[in-house]
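One structure below.
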Amino acid sequence: MEQPELLYSKILIVDDQEYNISLLERILTRSGFKHLYSTMDPLELETMLAQIEPDIVLLDLHMPGMDGFEALQRIRASHGSEQYLPVLMLTADTTTEVRQRGLQVGVNDFLTKPYDRTEVILRINNLLRTRHLHLQLHQSKSLLEAKVNERTKELQLAKSEVLQLLARAAEYRDDMTGEHTYRVGKLSGLIAEQLGLPHQEVNLIARAAPLHDIGKIGIPDEILLKPGRFEPHEFERMKLHTSIGENILAGTSFQVLKLAGTIARSHHEKWDGTGYPEGLKGEQIPIEARIVALADFYDALTHERPYKRAWTSEEAVAEIIKQKGQHFDPDIVDAFLQIDRYK
């Protein structure tokens, strides 16, 4: 018994004999099939496949101009392996050679002439059921992929928001706007891009850089917000924000947070080895930390804090040039100066 939805399947008959087409159409119409298409010219096959998009093709083997084997090869070429388009080959030739060759080129089943009405319907229904199951599976797969993509985007957005909130929390006590972390991330990305780093690495640095000072959470207000110079013991305490930041971010499995931990620890190292906490020198300092060191320095100078006035951009750039090869990696200074707004 036919499934009701199968009766609305599109069936394409390709046979050079009008009688054979008429016979099949009568059998199929009496069985309730609604959408029947036919051609006596196999050369029209590819055009009809594109226009009709059939659910099954009934294909005669022996035809002038193009036999069923060649026609089938064209069908398989136009419909990739992922598209299940069943082909039922019509033939009076029941030899083993014909059947083996047909199976090799992609025949799904054979219908032997002269036709038996019951066999015609049973074989077509079997292939159509498989076709419809394939379409349902493909649709389910597409829906699942869409849901996975949507969920992935949501997770990426959530991860970005968490990074922003962490960075804002770190800056809230001495920059209530949280804009410093945003600006340092943006400038770090511009410098990394100017250095010619891969796009993925540029994006990673821009996202990790805002967490450079997360360790300030562990520094007392009387030190963090002190107007004026630190006493030696206060500066030693202030320097601990680098290792505190690294410890806060330790143990993560996320690449961006791992990088943020590296930056938090090393962004106060200096090119000449006089920085902290380890006194690293030159290329011993991770390049990401060297980039953020300059971005952080520039932004801190050009914005007012409780303990300092804001420098002009020109003053800050002049100081960075002065510190080239001392505080800062010369290549990173050159990259910074190539960014239009800082030339």
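Contact map, segment 92-111: residues that are surrounded by 13 or more Cβ atoms within 10 Å (Cβ to Cβ) paired with residues that are basic (K, R), Cβ distance under 7 Å, separation 6+ or inter-chain. Pairs shown: G106/R76; D109/R123; F110/R99; L111/R123. Could you say whether any residue in segment 161-181 is part of a loop (DSSP other than H, G, I, E, B), crowded, with 19+ Cβ neighbours inside 10 Å and modelled with pLDDT under 90? Yes, segment 161-181 contains at least one residue that is part of a loop (DSSP other than H, G, I, E, B), crowded, with 19+ Cβ neighbours inside 10 Å and modelled with pLDDT under 90.
Okay, residues lined up against (1) assigned to a helix (DSSP H, G or I); (2) under 23 Å from H62 (Cα atoms); (3) in contact with a Gly (Cβ under 8 Å, 6 or more places away or on another chain); (4) open to solvent by 70 Å² or more (accessible area, probe 1.4 Å):
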residue	(1), (2), (3), (4)
L127	yes, yes, no, no
R131	yes, no, no, no
H138	yes, no, no, yes
E145	yes, no, no, yes
T152	yes, no, no, no
A158	yes, no, no, no
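Taken over segment 1-29, residues that are surrounded by 17 or more Cβ atoms within 10 Å (Cβ to Cβ) and under 13 Å from I124 (Cα atoms) amount to 8. Among the residues of segment 196-231, those identified as part of a loop (DSSP other than H, G, I, E, B) and crowded, with 20+ Cβ neighbours inside 10 Å are H212, D213, I219.
Among residues of segment 214-226 that are within 8 Å of G245 (Cα to Cα), those with a Cβ under 8 angstrom from a residue that is in a loop (DSSP other than H, G, I, E, B) and of a type in the set (D, E, K, R), sequence gap 6+ or separate chain, pair up as K216/R173; K216/D174.
Say we look at segment 194-233 and pick out the residues that are among the acidic types (D, E) and out of contact with any His (no Cβ under 7 Å at 6 or more places or on another chain); which of these is nearest to H268 (Cα to Cα)?
E231
Anything in segment 280-328 that is among the basic types (K, R) and either on the phi > 0 side of the Ramachandran plot or modelled with pLDDT under 95 (or both)? List them, or say none. Once the filter is applied, which keeps residues that are among the basic types (K, R) and either on the phi > 0 side of the Ramachandran plot or modelled with pLDDT under 95 (or both), segment 280-328 yields R305, K308, R309. Just one of (1) part of a strand (DSSP E or B); (2) closer than 19 Å to E5 by Cβ; (3) open to solvent by less than 70 Å² (accessible area, probe 1.4 Å) fails for G32. It is (1).
The values are calculated or read from the model by the stated rules, or taken from the named source; none is laboratory data. None of the values given here were measured: they were computed from a predicted structure. Quick reminder, even Gly has a Cβ in these numbers, built from the backbone with ideal geometry, and neighbours come from all protein chains shown. Just the protein is used for accessible areas: all its heavy atoms, side chains included, with ligands, DNA and RNA removed. Shrake-Rupley method; radii C 1.70, N 1.55, O 1.52, S 1.80 Å.
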